[in-house]
Amino acid sequence: MAVPHGCHATVPDAKYSSVKSCVLIFLVCEVFFSLASGLPACGQTTNLLKIQSVSVNGRLMSADGLAGKVRLGAFPKSASFTFGPVTNTSRLFARLRYKLEGYETNWNANGGQMRVSVSFCDGTRRKIREDSFKVGGDSLGWNGALENSTLIHRQETAVVPPGASRLWVTISSAGPPQSVGLYVVKDLVVTRNASASGVHDALLRSDDAVDESASNWIRDGTSPKAWIRDGSNPNMAKIVELGQYSKAKALAILDDDPGGHAEWHNNYDDAPQVNPGDRIMIEWNELYTMGVGDDFSSRNYEDLPPGKFRFVVSEVTALGLPTGVEASLDVWVSPPIWQQPIFWAVSLLLIIALAVSSSRFYTSRVMRHELARMERQRELEQERLRIARDIHDDLGARATQISMLSSMSPNDPSFPNNARADLERIFNLSKELIAALYQTIWTVSPEYDNLYALGNYICQMAERLCGSARLRCRLQVDNLPSQIQVSSQTRHNIMMAVKESVHNVVKHAGASEVTIKVTFEGKTLRIVIQDNGCGFDLAAAATGNGLTNMERRLQDIGGTCVVESRPGQGTTVHLQLVIPLVQPDSWPGGANKKNHGERHEHDLE
């Protein structure tokens, strides 16, 4: 394709321009990465400053073996950190500040010191007395820069000593040799109150040193000079501008040399004359920030709490601006053993193990005691069963034999009549003896230690007593399970109380009918004996052994006996007892009966 006329020369120029652009971009990137590689990263510890050692409770640990972190243990009484330049550098730092992050919020620094001093001299320039007014650290009005910081007013007084004739004012950084920082003094005025009227004479002003037309605002044209810069490095004595908009000039010491100092002072040749006894007042406005340019320094902490901290040391300029040189060390104060998770985990495991062991021991002990009790109970039941069988087989058989013989002998015609009467009495007594023996057997034998057997025996006893008295008896027995255990003592006391109540009906009530109700609901056994006899007045009735015995028998087994009666309305006896629901798996009298759980009700004429 043909190239238009006039355009063929622009193509090589465009290619050459693009090559130059690529080369330029490459060189810029190379320079940028070269510079960036030489700068410390943000938060990175440089190799100029180092935490030299840590001392914990007087025990020294070298920083070479700390690997950037240190464990102080629990309850450190004192912890001291020593820091300074690395061993292979001769650099003297301007100002060092430090803090323990996580424990402190503000930076700390070793306080430098500068001063305004008033010296009183004689005619030979011999100093008679010097009054110094020192400052250190940061003033209340210092905000990090001259433009937005505020001056603080100060006023001091002095009395001219005897022999003094001249006054000399000095603004100096010659405090501790390594003090660095900024000290600004503005509107310094020295006045004297020498007259009786109280008129103040101005002897010296700091504004006399300022010449705003000069390049450095220092007045050099007067002869002799009103104010002189002095010290090992006079160039650090400056005049600075204050304020953001309306600039004001002030004397200042900007000391950034830890090995030197500077000062402003008035010219002695033109020093104000004073007289002994004069009252001198010095007032000025000041602003300052200062520290110490340390080779090595240390910071001590007392009774640090448990936690993780970070001790940081940073270099700043004379004005307090960070230089990027810093060193740090991670600090871990161990919590006491009872605040550590492993302690609670181990304690929990020990508590669980102790609880399990105690539970197993208690359960085993209870089981042993229960087994021993059951064994004793079994032995006792076996003994009771043996006694009941012996009574039945021996005494019962003999008493039955006596009863049979006495019942058959009266039929023999050869027996005289008086002998027949005696045999009749023997027969009746033997029947009573047999009944008493069977009652004893019923009480002793463990086969009847259940609620069903108790209800059954109450029915049999009531039938026998009422039958012999030809008294109509109504029996109502409801839901008496055979699985409920009733001890022999409980059965005996209940049986005797019911027997006593029925005997009272037979002997004293003159009743034609007696009703006995036996119920069991929940855990409560209730027995009610009610008759339609003559009744009696409980308040007027004499206390007899029968009622008292009934009440005592029920109280002995934890029950109650209540008697209700009115003349002509019969008598009702309420027996009530709470029986624990104990249902053993195997109980001698616990076999299910055919009528278990059925309502049993019948009348006897």
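If you go through the stretch 477-496, how many residues are part of a helix (DSSP H, G or I) and within 16 Å of residue 578 (Cα to Cα)?
So the count comes out to 8.
Kindly check whether there is at least one residue in the stretch 133-156 that is without any contact (Cβ under 8 Å) to a residue 40 or more places away in the chain, of a type in the set (S, T, N, Q) and under 24 Å from residue 272 (Cα atoms).
Checking the stretch 133-156: not a single residue is without any contact (Cβ under 8 Å) to a residue 40 or more places away in the chain, of a type in the set (S, T, N, Q) and under 24 Å from residue 272 (Cα atoms).
Would you pick out the residues in the stretch 331-346 that are outside any strand (DSSP E or B) and among the aliphatic types (A, V, I, L, M)?
337, 342, 345, 346
Could you check how many residues of the stretch 485-506 are touching a strand residue (DSSP E or B) at 6+ places or on another chain (Cβ under 8 Å) and either under 18 Å from residue 473 (Cβ atoms) or open to solvent by less than 30 Å² (accessible area, probe 1.4 Å) (or both)?
So the count comes out to 9.
Can you find even one residue in the stretch 261-272 that is hydroxyl-bearing (Ser, Thr, Tyr), open to solvent by less than 50 Å² (accessible area, probe 1.4 Å) and within 54 Å of the chain's Cα centre (by Cα)?
Taking every residue of the stretch 261-272 in turn, none turns out to be hydroxyl-bearing (Ser, Thr, Tyr), open to solvent by less than 50 Å² (accessible area, probe 1.4 Å) and within 54 Å of the chain's Cα centre (by Cα).
Of the residues that make up the stretch 69-89, is at least one surrounded by fewer than 17 Cβ atoms within 10 Å (Cβ to Cβ), part of a strand (DSSP E or B), without any contact (Cβ under 8 Å) to a residue 24 or more places away in the chain and not basic (Lys, Arg)?
No, that holds for no residue.
Residues that are open to solvent by 50 Å² or more (accessible area, probe 1.4 Å) and modelled with pLDDT of 90 or more, at least 2 per element: which strands (runs of 3 or more DSSP E) completely within the stretch 149-217 meet that? Give the steps one after another, and end with the answer.
Working: elements: 152-159, 166-172, 179-193, 200-205.
Passing ranges, in order: 152-159, 166-172.
Hey, residue 553 hits all of (1) farther than 16 Å from residue 451 by Cα; (2) among the basic types (Lys, Arg); (3) touching a Ser or Thr at 6+ places or on another chain (Cβ under 9 Å) but one; which does it fall short on?
In the conditions (1) farther than 16 Å from residue 451 by Cα; (2) among the basic types (Lys, Arg); (3) touching a Ser or Thr at 6+ places or on another chain (Cβ under 9 Å), residue 553 misses (3) alone.
Can you name the residue in the stretch 507-557 that is farther than 18 Å from residue 575 by Cβ and either of a type in the set (Asp, Glu) or part of a helix (DSSP H, G or I) (or both) and is also least open to solvent (accessible area, probe 1.4 Å) among such residues?
513
State all residues of the stretch 302-353 that are in contact (Cβ under 8 Å) with a residue 40 or more places away in the chain, under 25 Å from the mean Cα position of the chain (by Cα) and open to solvent by less than 70 Å² (accessible area, probe 1.4 Å); if no residue qualifies, say none.
Correct list: 304, 305, 306, 307, 309, 333, 334, 335, 336.
Only one of 601, 564 is in a strand (DSSP E or B), at pLDDT 85 or above, farther than 30 Å from residue 375 by Cβ and not aliphatic (A, V, I, L, M). Can you tell me which?
564
Only one residue in 128, 171 is within 17 Å of residue 268 (Cα to Cα), touching a residue at least 12 places away in the same chain (Cβ under 8 Å) and in contact with a Pro (Cβ under 6 Å, 6 or more places away or on another chain), so which one is that?
After ruling out the rest, the residue left standing is 128.
Looking at 510, 546, 467, can you tell me which residue is more than 16 Å from residue 455 (Cβ to Cβ) and without any contact (Cβ under 8 Å) to a residue 40 or more places away in the chain?
It is 510.
Kindly evaluate residue 156 against the criterion of being touching a strand residue (DSSP E or B) at 6+ places or on another chain (Cβ under 6 Å) and not basic (Lys, Arg).
Working: touching a strand residue (DSSP E or B) at 6+ places or on another chain (Cβ under 6 Å): yes; not basic (Lys, Arg): yes.
So residue 156 fits the description; yes.
Any residue at all in the stretch 571-583 that's under 22 Å from residue 452 (Cα atoms), modelled with pLDDT under 85, β-branched (Val, Ile, Thr) and loosely packed, with under 14 Cβ neighbours inside 10 Å?
Taking every residue of the stretch 571-583 in turn, at least one turns out to be under 22 Å from residue 452 (Cα atoms), modelled with pLDDT under 85, β-branched (Val, Ile, Thr) and loosely packed, with under 14 Cβ neighbours inside 10 Å.
Mind counting the residues in the stretch 442-459 that are open to solvent by 20 Å² or more (accessible area, probe 1.4 Å) and at pLDDT below 85?
Here is the first cut: in the stretch 442-459, the residues open to solvent by 20 Å² or more (accessible area, probe 1.4 Å) are 443-444, 447-448, 452, 456-457.
Within this subset, residues satisfying the condition of being at pLDDT below 85 are 443-444, 447-448.
Number of matching residues: 4.
Which condition does residue 99 not pass, out of (1) within 30 Å of residue 257 (Cα to Cα); (2) without any contact (Cβ under 8 Å) to a residue 60 or more places away in the chain; (3) surrounded by 13 or more Cβ atoms within 10 Å (Cβ to Cβ), if it passes all the others?
Unmet condition: (2).
Quick check: is even one residue across the stretch 250-258 of a type in the set (Asp, Glu), over 18 Å from residue 182 (Cα atoms) and outside any strand (DSSP E or B)?
no
The values are calculated or read from the model by the stated rules, or taken from the named source; none is laboratory data. Since the structure is predicted, the reported quantities are computational estimates derived from the model, not experimental observations. Here the Cβ is made from the backbone with ideal geometry for all residues, glycine too, and neighbour counts use every protein chain on show. Each accessible area value is taken on the protein alone, full model and side chains, heavy atoms only, with ligands, DNA and RNA left out. Shrake-Rupley method; radii C 1.70, N 1.55, O 1.52, S 1.80 Å.
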